[in-house]
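The values are calculated or read from the model by the stated rules, or taken from the named source; none is laboratory data. Every value quoted in this text rests on a predicted model; they were computed, and no experiment measured them. Quick reminder, even Gly has a Cβ in these numbers, built from the backbone with ideal geometry, and neighbours come from all protein chains shown. These accessible areas exclude ligands, DNA and RNA; they are computed on the full protein's heavy atoms, side chains included. Shrake-Rupley method; radii C 1.70, N 1.55, O 1.52, S 1.80 Å.
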Amino acid sequence: MSLPPLPDLRLYSRAGCHLCEDAETALFGLGVIFERVDISGNAELERLYGWDVPVLSLGGAVIAKGVLGRERLRRVLKL
């Protein structure tokens, strides 16, 4: 069973980032619907999030970055 979509939940990541892959897996495991945004090749997104990926934003505001395991995501998303 999936949860209702959260408005504008985005995971900023890049290919080959194991922390990004872990965050994506954890979000899927929680049944959370989100948009994955690859920052590779986008100068503005690289400037904003380059070394901080994965970065999770909700409604345009950054709510978490770095290690985003299942329990941390539960707390941040209030699940």
Please give the charge dipole size of the stretch 16-79, origin at the Cα centre, charges +1 on K and R Cβ atoms and -1 on D and E Cβ atoms. Round to the nearest 20 debye. 400
Please work out the C-alpha center-to-center distance from the stretch 47-75 to the stretch 12-28 and express it in whole Å. 10
Per the helix-only calculation at 222 nm, which mean residue ellipticity applies to the chain, given -39500 (n - 2.57) for every DSSP H run of n ≥ 4 and division by its residues, nearest 500 deg cm²/dmol? -9500 deg cm²/dmol
Sorted by chain and number, the residues with a modelled amide H under 5 Å from that of Val37, at a separation of 5 or more or across chains, are Leu11, Tyr12, Ser13
Here are several values of Rg and Dmax of the Cα atoms in Å: [x] 11.7, 37; [y] 13.1, 45; [z] 11.9, 35. Which one was derived from the coordinates shown? [x]
Out of the total accessible area of the chain (probe 1.4 Å, heavy atoms of protein only), what percent is carbon and sulfur? 56
To the nearest 10 degrees, how steeply does helix 18-29 sit against the main Cα axis of the chain, on a 0 to 90 scale? 30
Surface accessible to a 1.4 Å probe, per residue, for the residues of the chain, Å²: 61
Counting only DSSP beta bridges with both residues in the chain, what percent are antiparallel, rounded to the nearest 5? 65
Using θ = phi - 60° and the Karplus curve 6.51 cos²θ - 1.76 cosθ + 1.60, what whole-Hz ³J(HN,Hα) does each residue of the stretch 49-56 get, with Gly and Pro shown as x? 10, x, 8, 9, 4, x, 10, 10
